[in-house]
There are 2 protein chains.
Amino acid sequence: MAGRAAEPEVIWTRPERTGRGPKPAYTRADIAAAAVRVADAEGLDAVSMRRVAAELGCGTMSLYNYVPRKEDLYELMVDAAGAEHELWEPSGDWRADMLRVAHQTRDLMHRHPWLPRLMSPVYGFSPHALRFLEHCLACLDPLPVSYGTKMELIAMLNGVVTTYVANELATAERTRSLPWSEEQEHAARAAYLRERIGSGEYPRMAAAFAENSGPIDLEAVFERALHRVLDGFEPRA
Amino acid sequence: MAGRAAEPEVIWTRPERTGRGPKPAYTRADIAAAAVRVADAEGLDAVSMRRVAAELGCGTMSLYNYVPRKEDLYELMVDAAGAEHELWEPSGDWRADMLRVAHQTRDLMHRHPWLPRLMSPVYGFSPHALRFLEHCLACLDPLPVSYGTKMELIAMLNGVVTTYVANELATAERTRSLPWSEEQEHAARAAYLRERIGSGEYPRMAAAFAENSGPIDLEAVFERALHRVLDGFEPRA
DNA sequence: AGCGCACTACGTACGGTGTACGGAACTAGG
DNA sequence: CCTAGTTCCGTACACCGTACGTAGTGCGCT
């Protein structure tokens, strides 16, 4: 009776509130918003049950009335971020629409740099994720391929965007907890790399760096990557 | 003097041992191997400084003589795993070689399921990562594009493989710490998904699931993804 | 109407984490 | 030889997720 059996539980099936007892002081959305606020301002590692509870102004253990495990808090955060996805009436040009989707996802991840790290297929079915998925499928209506293929397209595009942004943000998020700056870290790694490459052990890498030693246009790299992904799904190629 | 200034430090530039004092009891490789052993057997979350020290049979704080921060231990682990990459004489067929690379990476990640989670561009320049990169570039010698483009190809292929395997392993690694099994978790999520889709809010997702309700051939999905990536870099398309 | 119970709230406590600090043992360089 | 720079590691601290128990609250049922 009291000791509930260990049964799998998806947070979204758990009703937000039940009839009996005092009214909950917060909604799930309140909690997600607080966690997102903390993560945005202080980084994902600052998101602890205590910190989020403090942000809300309640006791730590009160959170466990809303969220059975910390992992579910993460799931709420991802869903809350997904709510910021702006949806539109599909234009009829699936390529243009998917490019727009990709750019919007990237912007979203720039606003919430912790998102790439939390991106997991496990969280892929939260309410807002479903809404987003349905929207992508709507944008792909003009594309004459099976739904299975469309799913593969969406997964691949999202994957590439996530990987790309994660790479963009990696040192930034990393150096947050380090006693030196991002620039210093970058410089140290670059110096090490130059030294290694100068050793002659890696002739092709040396050639690659010689080819273009200037700064890379990351924006252009991103754009090329998107187009290449979409090209792979163009029919009758 | 004693209080060293906070300067950026790449673990690979730090000499493995210095002249003065007693001989270190372990090599960096010993430590990496111990950490990998723990991660393979008990999951990445079991890799704590105490646990790794116990695995080695030394005091916890002794580890800090070899590794300044836990994060550097992760870097050692990734490099140690990278050492398992088997390199070969390029065949002259860059497509075949890159497919082989991709499959090998996937196998590697299956052997070390914690690898996708640690994959970070920051770790991309460890000794074995450089060796691997040079090998990929060698395989791409027959491809008549710039080194910049080759780098983009390698990054994209690795990214797609990593994302794909991470998805494959997500629930498995996740349920390790949960009081129920992977199958139960999967069933609960599937039930929730069916319920949501049955609501009629997501007509296209419903159609997608109706189209093919049987189990998906993940192997084929992976293969298609690889070919699509490589297609995007085929010259004169 | 009023009782009971399911629920919220949350203080305390436990076992874990990364790692700063300091002291003891050891060995190569001047 | 001596001393300075190491390695080794026990102790300690702040913080983490969360199990458990208690107190108070208000809905639903009788």
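Every number here is computed from the coordinates shown, using simple stated rules; none is lab data. The structure displayed is predicted, hence computed values, not measured ones. No Cβ is skipped: glycine too gets one built from the backbone with ideal geometry, and neighbour counts run over all protein chains shown.
Points to keep in mind about this one:
- Taking all Cα-Cα distances within segment A:11-82, those exceeding 17 Å account for 37%.
- Selected from B:A25, B:Y74, B:A207, residue furthest toward positive end of dipole (chain B; charges at beta carbon): B:A25
- The angle between the Cα long axis of helix B:147-175 and the longest principal axis of the Cα atoms of chain B comes to about 80 degrees, rounded to the nearest 10.
- Residue-averaged [θ]222 nm for chain B, counting only DSSP H segments that reach four residues, each worth -39500 (n - 2.57): -19000 deg cm²/dmol
- Measuring between their Cα centroids, segment A:99-170 and segment A:193-237 lie 23 Å from each other.
- In this assembly of identical copies, the label point of A:P121 (Cα plus 7 Å along Cα-to-Cβ) is separated from its counterparts by 2.5 nm, sorted shortest first.
- Distance violations [Cα-Cα > 32 Å] among A:K23/A:K70; A:K150/B:K150; A:K23/B:K70; A:K70/B:K70: A:K23/B:K70
- D_trans [Stokes-Einstein, Kirkwood Rh over alpha-carbon pairs] for chain B, 25 °C, 0.890 mPa s, µm² s⁻¹: 117 µm²/s
- Axis of helix A:218-231 versus longest Cα principal axis of chain A: the two differ by about 80°, to the nearest ten degrees.
- Cβ-placed point charges (K, R +1; D, E -1), dipole of chain B about Cα centre in debye, nearest 20: 780 debye
- Using a 7 Å projection from Cα along Cα-to-Cβ, the label point at A:A191 is separated from the same position in the remaining copies by 5.9 nm, smallest value first.
- Placing a label point 7 Å from Cα along the Cα-to-Cβ direction at A:R69 gives distances to the equivalent points in the other copies of 2.8 nm, listed shortest first.
- Think of the protein assembly as shown as having a plus end and a minus end, set by charges on the Cβ of Lys, Arg, Asp and Glu; of B:V165, A:S120, A:L133, A:S120 sits farthest toward the positive end of this dipole.
- Check: segment B:11-82 dipole with +1 on Lys, Arg Cβ and -1 on Asp, Glu Cβ, in debye: 420 debye
- The loop-placed GluC sites (Glu not before Pro) in segment B:1-60, going by DSSP, that have at most 13 neighbouring Cβ atoms within 10 Å of their Cβ come out as B:E16.
- Mean separation of Cα contacts under 8 Å, 6 or more apart, over the residue count of segment A:96-228: relative contact order %: 28 percent
- Calculated from backbone phi, Karplus (6.51, -1.76, 1.60) coupling profile of segment B:9-16 in Hz, x at Gly/Pro: 8, 9, 4, 6, 8, 5, x, 5
- Counting only Cβ charges, +1 for Lys and Arg and -1 for Asp and Glu, the dipole size of the protein assembly as shown around its Cα centre is about 1280 debye.
- Computed across the protein assembly as shown, the Kirkwood radius stands at 24.6 Å (inverse of mean 1/r, all Cα pairs).
- The HN-Hα couplings worked out from phi for segment A:33-42 by the Karplus form 6.51 cos²θ - 1.76 cosθ + 1.60 (θ = phi - 60°) are 4, 4, 4, 4, 4, 4, 5, 4, 7, 10 Hz, whole numbers, x standing for Gly and Pro.
- Segment A:94-231 - Debye-derived log10 I(q)/I(0), Cα point model, q = 0.18 Å⁻¹: -1.08
- Taking chain B as a Gaussian network of alpha-carbon nodes connected by springs under 10 Å, the highest mean-square fluctuation of the residues B:A54, B:A129, B:A220 belongs to B:A220.
- Relative contact order (%) - segment A:6-85, alpha-carbon pairs under 8 angstrom, separation at least six: 31 percent
- FRET efficiency for the B:R224 to B:A190 pair, using the beta carbon distance and R₀ = 22 Å, is estimated at 0.40.
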